[in-house]
Amino acid sequence: MPERIPDWRKEFGYGNFISLDHHRSGYARMMQGEIFFREIEENCWNPSLRIDQYAAYGTQVQVICTIPVLFAYWAKPEDTLKVSQFLNDHIAEIVQNHPKNYVGLATLPMNDIPMAVEELRRAKKIGFKGIQIGSNINGKNLSDESFHPLWKALEEEDMSVMVHPWEMMGENDMKKYWLPWLVGMPAETARAMASLIFAGILEKYSKIRFLFAHAGGSFIPTLGRLEHGFNCRPDLVAIDNPFPPSHYLKKFWVDSATHDPDLLRYILAKQGSEKIALGTDFPFPLGDLHIGRFIEEMQLENHDLEMIMHGAALQWLNLEKGQFS
């Protein structure tokens, strides 16, 4: 995120847009309107510092994107577009200044799909390789027909998509114990994946390279239940797509952020290493802040380790390893 963010609340005259209070050197408070959201460190905005911190774990290239709380899907579309353009210009500048170290994912005004398509095409022109979107858009599932023009444009522009959980279902009913992040986020990712599959989006727009954060959340661990539901109640589940959820394994990517070697082995068995990209969620507490150490300790075959550490991400983004040499 940028070190300095305009006071959108003052400029637009409404809303709990995120602002930064640089209250001490190297740190800032993220404020959601007048409400404290979290304290962040300089590695959220200093690209040179992040390069050095990643290098300590043998990692050269970072795929960076907007922190989801900055999406502002709830705002007036023209204001969301302005916020998106500001954030995208900032990330594009980082990539241009550090082409051997950064790849960017753009954010879009998903509350207005014509505007989103326009910003997608602009993002492609200024160097982005893909986009990041939320798991739902103001409560609307990604299967909704209103999103079809975006899926079509993504195929035309050959842009990758990362789906990240946000606005977790039931969040207001389970605020204690950090449950929205611990329980709601995995469920949100499964919601997005099931919606896209059952609606036939992955079938109709099969050229889109989707990646789902946090190893796909609870989708793959509960695949058996999803599959059984598809088979036992096709009248409720198989109404828009005749292919079961298992048909789409190895047709999308997930990241490796499981925090659990046993679960990662299960994901490997279902997806194969070619569809698992190294995920860090750096620099936030729920991230893999030792960047792949637990994976290196799993004694995987060299091919699997190489695919997770870089190969799968390169394929997802349609990039060549040599361009970072």
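Worth a mention:
- Meets criteria (modelled with pLDDT of 95 or more and among the small types (G, A, S)) for G311: yes
- Residue in region 129-138 that is under 17 Å from the mean Cα position of the chain (by Cα), of a type in the set (D, E, K, R) and under 26 Å from I197 (Cβ atoms) present: yes
- Criterion: over 25 Å from W151 (Cβ atoms) and in contact with a Ser or Thr (Cβ under 9 Å, 6 or more places away or on another chain) - qualifying residue of L264, L268: L264
- For region 206-248, the set of residues classified as surrounded by fewer than 17 Cβ atoms within 10 Å (Cβ to Cβ), under 25 Å from A312 (Cβ atoms) and either of a type in the set (F, W, Y) or free of Cβ contacts under 8 Å to residues at least 24 places away in the same chain (or both) consists of G224, E227, F243, S246, H247, listed by residue number.
- Taking region 62-116 as the range and being in a loop (DSSP other than H, G, I, E, B), of a type in the set (S, T, Y) and over 27 Å from I295 (Cα atoms) as the test, the residues that pass are Y73, T107.
- Test result for W151, in contact with a Pro (Cβ under 7 Å, 6 or more places away or on another chain) and in contact (Cβ under 8 Å) with a residue 24 or more places away in the chain: no
- Close pairs (8 angstrom Cβ cut-off, 6 or more residues apart or separate chains): acidic (D, E) in region 306-325, surrounded by 12 or more Cβ atoms within 10 Å (Cβ to Cβ) anywhere: E320/L314
- Residue count, region 236-262 (criterion: aliphatic (A, V, I, L, M), farther than 30 Å from E42 by Cα and touching a helix residue (DSSP H, G or I) at 6+ places or on another chain (Cβ under 7 Å)): 3
- Any hit, region 298-308, residues being crowded, with 20+ Cβ neighbours inside 10 Å and not hydroxyl-bearing (S, T, Y): yes
- Within region 256-278, the set of residues being outside any helix (DSSP H, G or I), farther than 13 Å from L305 by Cα and either touching a residue at least 40 places away in the same chain (Cβ under 8 Å) or under 14 Å from the mean Cα position of the chain (by Cα) (or both) comprises A257, T258.
- Matching residues in region 38-61 - criterion: being surrounded by fewer than 15 Cβ atoms within 10 Å (Cβ to Cβ) and not in a helix (DSSP H, G or I): R38, E39, E41, N46, A56, G58, Q60
- The one condition in (1) in contact with a Phe, Trp or Tyr (Cβ under 9 Å, 6 or more places away or on another chain); (2) over 30 Å from D52 (Cα atoms) that W166 fails to fulfil: (2)
- Any hit, region 273-291, residues being among the charged types (D, E, K, R) and modelled with pLDDT under 95: yes
- Qualifying residue in region 62-82 (condition: surrounded by 20 or more Cβ atoms within 10 Å (Cβ to Cβ), touching a strand residue (DSSP E or B) at 6+ places or on another chain (Cβ under 6 Å) and without any contact (Cβ under 8 Å) to a residue 40 or more places away in the chain): no
The values are calculated or read from the model by the stated rules, or taken from the named source; none is laboratory data. Because the structure is a prediction, the values reported are computed rather than measured. We place every Cβ from the backbone using ideal geometry, glycine too, and count neighbours over all the protein chains shown.
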